[in-house]
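Worksheet: the structure to be examined is printed underneath.
The values are calculated or read from the model by the stated rules, or taken from the named source; none is laboratory data. In this text the structure is predicted, and so the values were computed from the model without any measurement. For neighbour counting, all protein chains shown are included, and Cβ atoms are generated from backbone atoms with ideal geometry for every residue, glycine included. These accessible areas exclude ligands, DNA and RNA; they are computed on the full protein's heavy atoms, side chains included. Shrake-Rupley method; radii C 1.70, N 1.55, O 1.52, S 1.80 Å.
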Amino acid sequence: VQLQASGGGLVQAGGSLRLSCAASGRTSGIYATGWFRQAPGKEREFVAAVRWHSGSTYYTDSVKGRFTISRDNAKNTVALQMNSLKPEDTAVYYCAASVGVYRVPGIGAEYDYWGQGTQVTVSS
């Protein structure tokens, strides 16, 4: 499975961005896709995830009500709509896919494949 993340950029606080993660290869085995982010000098943190079959979604508390994750199974893509962006959302955002046992969406080890990352910068 290969993942290609796109959609990052520079936006002012309060603005919006839409990230996209396109999956290719053996996509039939994908069970869930998640978004993580890593800011300079900080550890990687979970942002959101979606289970491909059920559509169940998960969010970290800091983005609830502002970010929305969605998937298009036919196109093998997962989008992260980010609204009301804040400077603290600035980070490199990575998408990841799980093809195996998937218990805890917020743990990076649950994911088997990772995309290359896309930079999101929110200016104040």
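Label-to-label distance for THR121 and SER24 is 2.8 nm, based on points extended 7 Å past Cα in the beta-carbon direction.
Think of a 1.4 Å ball rolled over the protein heavy atoms: the chain then has 50 Å² of accessible area per residue. Of the beta bridges in the chain, as assigned by DSSP with both residues counted there, near 90 percent are antiparallel. In the chain, Cα pairs under 8 Å separated by at least six residues give a relative contact order of 36 percent. When the chain is treated as a GNM with alpha-carbon contacts under 10 Å, the residue of GLY108, GLY15, GLY34 showing the greatest mean-square fluctuation is GLY15.
Under the simplified labelling scheme, the GLU88-ALA13 pair shows an inter-label distance of 1.1 nm, with each label point 7 Å from Cα along Cα→Cβ. Solvent-accessible area of the chain (1.4 angstrom probe, protein heavy atoms only): carbon and sulfur portion equals 47 percent.
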